[in-house]
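The values are calculated or read from the model by the stated rules, or taken from the named source; none is laboratory data. Predicted, not measured: the structure shown is a model, and the values here were computed from it. Cβ placement follows ideal geometry from the backbone for every residue including glycine, while neighbour counts extend to all protein chains displayed. Ligands, DNA and RNA are excluded from the accessible area calculation, which covers all protein heavy atoms including side chains. Shrake-Rupley method; radii C 1.70, N 1.55, O 1.52, S 1.80 Å.
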Amino acid sequence: MAVFVALGAFVMTLVGGWTAGRVTDRRHLVLGLAGGLMLGVVGLDLLPEALEAAGGPVFGVPAALLLAVAGFLFAHVVERLLALRRAAHGGAEHAEGRVPQVGLTAAAAMVGHSVMDGVAIGAAFQVDQGMGAAVAVAVVAHDFADGFNTYTITRLYGNARRKAVAMLFADAVAPVVGAATTLAFTIPEQLLGGYLGFFGGALLYLAAAEILPEAHHDHPARSTLLCTVAGAAFIWLVVGLAE
C-alpha cells in the first residue's frame, strides 16, 4: 500500500514540474510562487515536524532550530564556495551571476527530501492504516510543490532544460524508492527530525536569499507578491487538510 501511494506522489511531482516548465513566459510569477511554496513547506510543514521529532533542547535551544540554522548557513557557504572555486579557475558563471552547480546541488537535496517523504509514508503505514492515509495525503499534495520547485530552481541557476527534466524525474522516483526501503528497515524518529530541521534551513536560504529576490528583481509587480502569498497559503491548506 505504501509503495502504491508513493506512485501518486510520483505523478504529482511530474505534474508540478510540467507546470513550472509551461509558464516560462511568466518567469517572475513562477519564481514568486516557488518562493511562497518553499516558505510554506519550511515554516508550516518541515519545522513543526522537526520540533516534535528531533529531541530536546541543546544549551537552551531546540535541536531542530539549531539544525535549521546550520542548514541555512550550509547552503550559504556551499553557494559562496562554488562561486569562488569557479572564479579561481576562470570559469564563467551564469549570465546573472549564478553558478549552475548550486542549482543542481539544491535539486539533489530536493530529491533526498523526496526519498524521506517516501520513508515517511512507509513508516506511517507500519503504525496503522489511518496514520498512513493522513501522511500520504500530505505528501502527495505537497509533492506538486516539490516538483515545481525542483524544476524551477534547476533552471534558475542556468542549467539546461534536459538537466532540469532529469532532476525532476529523479525527484518523482524518489518517494517510490523511499517507500520501498521501509519494507526492510525504518529510520529512528529523532534522526528523521534532525534531517527535517537541517533541510528546512537550507530551503529557507534558497527561498529568501535567492528565489524571492530574483522574482522581484525585474518585475516588482503586485501579481508576483500575490503568487508568493498564494504559494504559502496553498501549503497551509494542505497541512490543515492532512490534520
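Values for this structure:
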read-out	value
Residue list for the range 144-166, restricted to those being open to solvent by 40 Å² or more (accessible area, probe 1.4 Å), over 22 Å from PHE125 (Cα atoms) and hydrophobic (A, V, I, L, M, F, W, C)	ALA160, VAL165, ALA166
Helices (runs of 4 or more DSSP H) contained entirely in the range 139-243, each with at least 1 residues that are among the polar types (S, T, N, Q) and under 21 Å from LEU44 (Cα atoms)	189-205, 222-242
Looking only at the range 186-196, and only at residues there that are of a type outside the set (Val, Ile, Thr) and open to solvent by less than 90 Å² (accessible area, probe 1.4 Å), the one that is farthest from GLY118 (Cα to Cα)	GLY194
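Residues are listed down the side, and each one gets a yes or a no for (1) buried (at least 18 other Cβ atoms within 10 Å of the Cβ); (2) modelled with pLDDT under 80; (3) within 21 Å of VAL229 (Cα to Cα):
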{"site": "VAL3", "(1), (2), (3)": "yes, yes, no"}
{"site": "ALA9", "(1), (2), (3)": "yes, no, no"}
{"site": "ASP25", "(1), (2), (3)": "no, yes, yes"}
{"site": "PHE59", "(1), (2), (3)": "no, no, no"}
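Matching residues to (1) surrounded by 14 or more Cβ atoms within 10 Å (Cβ to Cβ); (2) touching a Gly at 6+ places or on another chain (Cβ under 6 Å); (3) among the aromatic types (Phe, Trp, Tyr); (4) modelled with pLDDT of 85 or more:
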site: ALA172; (1), (2), (3), (4): yes, no, no, yes
site: ALA184; (1), (2), (3), (4): no, no, no, no
site: PHE198; (1), (2), (3), (4): yes, yes, yes, yes
site: LEU204; (1), (2), (3), (4): yes, no, no, yes
site: ILE211; (1), (2), (3), (4): yes, yes, no, no
site: HIS216; (1), (2), (3), (4): yes, no, no, no
site: THR224; (1), (2), (3), (4): yes, yes, no, yes
site: VAL238; (1), (2), (3), (4): yes, no, no, no
site: ALA242; (1), (2), (3), (4): yes, no, no, no
